[in-house]
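Novice: Handing you a structure now.
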Amino acid sequence: MRLILGVLLFSLSLSCSAQKLRLLAAEYPPYTSQAMPTQGALIEVVQKTLAPRYQLEIVFVPWARALNELKANRADGIIGVWPNSYVDRGFRASSPIFISKLGFYVPTAQRVPLLDLTQLRGRLAGGVRNYGYPTTLYKTGVRIDAAHDDLSNLKKLAIGRISLAILEKAVGEYLLTQPELAPIADKVSWQEPAFAEAALSIAFAPKASAALAAFETALRQLTLSGELKQIANRYQIDLPADSSAAP
């Protein structure tokens, strides 16, 4: 009994002495979301890689506030950042974890094996107000009809009010699993190819360099074991080329 009690007390002391790590995230399903049971694919990766060594505090805040909090040294990192979102801010990014593909959803009946992006000039595409789209989108010549959110655009696409919906592939696949869109889930589909791709990483503050190193080591193990690929498949998310080749 004394031995068991000693082991329990030792385990408790390790738990209490674990270094705290405060990480921020915005609502960005299926990558990060308070509405999801696991809080999203990226947070599941964070839990598997960092929870064994750190006492994690994951806080959901708007994106702009997350950047300000990190800059003010009130957080150790941001989960789910794109390239250039942390440039010149002193943050250090992890290796790419997932790849976000930005492209079009189309009516399922009109889907083709490969969309010719040079033949879209003048077509009406649904975008989201205040989203910053890459220049490759504007080069296609589509006319953008701005809506409040991605969900609205999928609904408009299903009833023929727009001919294309501009969306991240993983975000669209997640939205189409939601009860509100169940009636149209088979009426709209992702259309290859994507017109832009961006790596999703974690931005660590300079003070969290040890956490970054620990994350990189654990991420490699997660990749080699095939567990990262399993997570990506479960959320219908794309992996970087070197990660997708893992068993």
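The values are calculated or read from the model by the stated rules, or taken from the named source; none is laboratory data. Note that the coordinates shown come from a computational prediction; the quantities given were computed from them, not determined experimentally. Glycine also receives a Cβ, built like all others from the backbone with ideal geometry; neighbour counts cover every protein chain displayed.
Novice: Test of understanding: among K207, K229, which residue is at pLDDT 95 or above and either within 30 Å of G172 (Cβ to Cβ) or of a type in the set (D, E, K, R) (or both)?
Specialist: K229
Novice: Sticking with this one: Is it the case, given these coordinates, that L21 is under 29 Å from G226 (Cβ atoms), at pLDDT 95 or above and assigned to a strand (DSSP E or B)?
Specialist: yes
Novice: Only one of L222, L181 is under 24 Å from F91 (Cα atoms), in a helix (DSSP H, G or I) and touching a Leu at 6+ places or on another chain (Cβ under 7 Å); which?
Specialist: L222
Novice: Same structure, new question: Scan the stretch 92-100 and give yes if some residue there is in contact (Cβ under 8 Å) with a residue 12 or more places away in the chain, surrounded by fewer than 19 Cβ atoms within 10 Å (Cβ to Cβ) and more than 18 Å from the chain's Cα centre (by Cα), otherwise no.
Specialist: No.
Novice: Give me a count of the residues in the stretch 206-232 that are under 27 Å from L67 (Cα atoms) and surrounded by fewer than 17 Cβ atoms within 10 Å (Cβ to Cβ).
Specialist: Summing the residues that are under 27 Å from L67 (Cα atoms) and surrounded by fewer than 17 Cβ atoms within 10 Å (Cβ to Cβ) in the stretch 206-232 gives 8.
Novice: Something else about it: Identify, please: which residue in the stretch 133-167 is closer than 25 Å to T118 by Cα and of a type in the set (D, E) and is, among those, surrounded by the fewest Cβ atoms within 10 Å (Cβ to Cβ)?
Specialist: D145
Novice: Among the residues of the stretch 128-156, how many are among the aliphatic types (A, V, I, L, M) and outside any helix (DSSP H, G or I)?
Specialist: Qualifying residue count, the stretch 128-156: 5.
Novice: Within the set of pairs 6+ apart or on separate chains, which have a first residue in the stretch 146-165 that is closer than 12 Å to G127 by Cβ, a second that is assigned to a loop (DSSP other than H, G, I, E, B) and of a type outside the set (S, T, Y), and C-beta atoms under 7 Å apart?
Specialist: Final answer for the pair search is A146/R129; A147/R129; H148/R129; N153/I162; K156/I162; L164/R123; L164/V142.
Novice: Which is surrounded by 16 or more Cβ atoms within 10 Å (Cβ to Cβ), under 19 Å from the mean Cα position of the chain (by Cα) and under 16 Å from Q119 (Cα atoms), of A203, A170, A194, A199?
Specialist: Only one candidate qualifies: A194.
Novice: Would the stretch 33-49 turn up any residue that is assigned by TED's automatic domain parsing to the domain that holds D238, over 26 Å from G172 (Cβ atoms) and modelled with pLDDT of 95 or more?
Specialist: Yes; the residues of the stretch 33-49 include at least one that is assigned by TED's automatic domain parsing to the domain that holds D238, over 26 Å from G172 (Cβ atoms) and modelled with pLDDT of 95 or more.
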